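See structure below.
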Amino acid sequence: MGFTRAKPDEAKAAPRDAQVPAAAAFGPGNAAMFLDLLPVPAAVVEMRGRGFEFEAVNRPFRLAGLGTVASESPLIRLLGMRLRRFLESNETHEEIAWQFGDEVDCRYFRVMFARRADKRGGMRCMVTLVDQTAELRTEHSLRREMMTDSLTGLPNRAGFSDEVEAVIGPDNREQHAVMVVNLDRFSRVNACMGGLAGDELLISVARRLKGALRGRDVLSRLNGDEFGVLLTLDEGPTDALHVAKRIHAALANPFRLSDFEIRVDCAIGIAMGADNDGDPEDLVRNAQFAVKRSKQTGRTEVYHTRAFDIAREQFGMETELRRAIETGALTLSFQPICDLASGKTTSFEALARWTNEEGHKLSPNDFIPVAEESGLIVPLGRWAMDEAARTLAEWDAAAGGDCGIKVAVNLSAIQLQRDQIPTMVKSALDRHGIGGDRLTLELTESAIVTDPDRIAQTMKALKDLGTTLAMDDFGTGYSNLAYLQKLPIDLLKIDRSFVSGMLADRDKIAIVRAVLSLAQALGMQTTAEGIETNELAQTLAALGCTYGQGFLYARPLEKDDAFAYLKARKGP
């Protein structure tokens, strides 16, 4: 768009669509009159030599604080180089975003340079500015709200991700790490004291965490009870571990809520930038993965690639295990349990066995933890209970009546929490016509301490069905004697870690003797696991142990082999 003045005759002779538009039809005085008609700041600028002059400016331009003299105008001072390049180019239009003012009074404009395409445009152009300050401030405010946790005022998950991606690049990964802090038992505070108390606790925790960090560290709240920290590593990876120690120390003192003092512990996972060559967002996910391991180990965990590979293997195993349960690809093996005094086989322990689709036999130590973590332990446990009852019914049918044997089935702690165990056991017994007195149900100490009151009700319901209740792996867990006295436990199983090598270890003998004395005082029977020699079996019998289980008698057997073993031991 040009601004040279046209001769009167030329203007009259020109066709309508060829007339010079806008301010180009006016002289310098008329240009000012035309610009005053525009509702936005506007100016006609001419470049003369190395400088600029305003040929005309309108009132909104002056009110915007953009001046009336080119040499004093912030527009020329800040955008002069850009304007010069435009005038020296062949472009007719150029649009740019421009920020003007300090942080408090900052204003945002969309700036347009425009001139005619022919030579009459020369070194002159019109500059218009559209004020976008209110629009952008609203946008920034909404974005800030979207990126901020409303309770603590910290960045939320999305805000933290933006911060991580903005700070960490390919050239500075080694200088940063991401830490995730997960609060223990927070859900219990919410459940017992209400949401307001939980919110108060989170605010207090956020303050302490902030106090434990250094100036350049960035704290965020990722979700309900999980915080993220973007760490700057001045002295290398040890910085992250030092910060973790400070966080544990900061949370060591109890928090006071109403009339209660609450101790808050946490699990901490760290992902080092140096160990990640992918997306910076991967650091957050890696740190969250490390937190899961921290919950299991009870210490601060640093993410390692091998740990992630193991997790991927477990996810693959979870998929295969789900399919195996659905298709009935698992089997039960049965290991005999014998009366140490008479040598008679009194029961079998049912043990889950799995050969995967590739023909590999997987140990229960590998797939049972995967089943518990994924929730598959519930259908797996139901299958095991039904299969044990079915096998007992088949043995009875083959024996022409009650074959005189019990089957022991393990109940997982997760299964006890998530399933209606008494209903499930009764259904299996009814379905196969088996009495409850034919089952021994083995629970671990960890299963009992998770929710003692609820487990006590479950155990009472199981006793009403006539089942025998055993505490498995006694001595390896909490060994709370109060539970033994209050709960209807019939039998203690002494873990193989105490039995194996017992004859050569006085401490183990002392432990076994103490367990046997305790069981006798409480009127309970006992089973020793891991018996591999006659000498060990005789010693345990002399000490008062009731039953024995181990390779001395037999390894776990398929159900048909177990029945054949039973018939052979009974004789003709």
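Since every read-out is calculated from the coordinates, none of them should be taken as a lab result. Small disclaimer: the values here were computed from a predicted structure and weren't measured. Positions of Cβ are backbone-derived with ideal geometry, glycine not excepted, and every protein chain shown enters the neighbour counts.
Based on the reciprocal of the average 1/r between different C-alpha atoms, the Kirkwood radius for region 417-572 equals 17.1 Å. With a Förster radius of 51 Å applied to the C-beta separation of residue 402 and residue 143, the computed FRET efficiency comes to 0.10. Here each label is just a point 7 Å from Cα along the line to Cβ, and for residue 245 and residue 214 those points are 1.4 nm apart. Think of each Lys and Arg Cβ as +1 and each Asp and Glu Cβ as -1; about the Cα centre, that makes the dipole of the chain roughly 1220 debye.
Fully extending the segment from residue 102 to residue 506 would add 137.4 nm, taking 0.36 nm per residue of separation and subtracting the current Cα-Cα distance.
Remark: spin-label model distance residue 77-residue 167 equals 3.5 nm, labels positioned 7 Å along the Cα→Cβ axis.
Each of 354, 383 was scored by other Cβ atoms within 10 Å of its Cβ. Listed from fewest to most, they are 383, 354.
Could you tell me which of 407, 284, 461 has its Cα farthest along the dipole of the chain towards the positive end, charges placed at Cβ (Lys, Arg +1; Asp, Glu -1), taken about the Cα centre? Of the candidates, 284 comes out farthest on the positive side.
For residue 508, the lysines whose Cα comes closer than 19 Å to its Cα, not counting residues fewer than 8 places off in the same chain, are 493.
The helix-based estimate of mean residue ellipticity at 222 nm for the chain, built from -39,500 (n - 2.57) per DSSP H run of four or more residues and divided by its residue count, is -14000 deg cm²/dmol to the nearest 500. The per residue volume of the convex hull around the alpha-carbon atoms of the chain is 258 Å³. For the chain, the longest principal axis of the C-alpha atoms and the axis of helix 421-432 are separated by about 60°. Using the alpha-carbon atoms, what tilt in degrees (0 to 90, nearest 10) does helix 452-464 show relative to the longest principal axis of the chain? With rounding to tens, the tilt is 40 degrees.
If a spin label sat at a point 7 angstrom from the Cα of residue 417 along the line to its beta carbon, the backbone N atoms of region 362-397 nearer than 12 Å would be those of 372-375. With 24 Å as the limit on Cα-Cα distance, the pairs of 292/361; 361/426; 463/486; 426/567 that go past it are 292/361; 361/426; 426/567. Please compute the Kirkwood hydrodynamic radius over region 149-303, one decimal place, Å, based on all pairs of different Cα atoms. Computed over region 149-303, the radius equals 15.6 Å.
Extension gain for residue 135-residue 282 works out to 49.5 nm (0.36 nm per residue, less the C-alpha to C-alpha distance).
Fully extending the segment from residue 390 to residue 360 would add 8.2 nm, taking 0.36 nm per residue of separation and subtracting the current Cα-Cα distance. Look at the dipole of the chain built from charges on Cβ: of 227, 47, 80, the Cα furthest out on the positive end belongs to 47.
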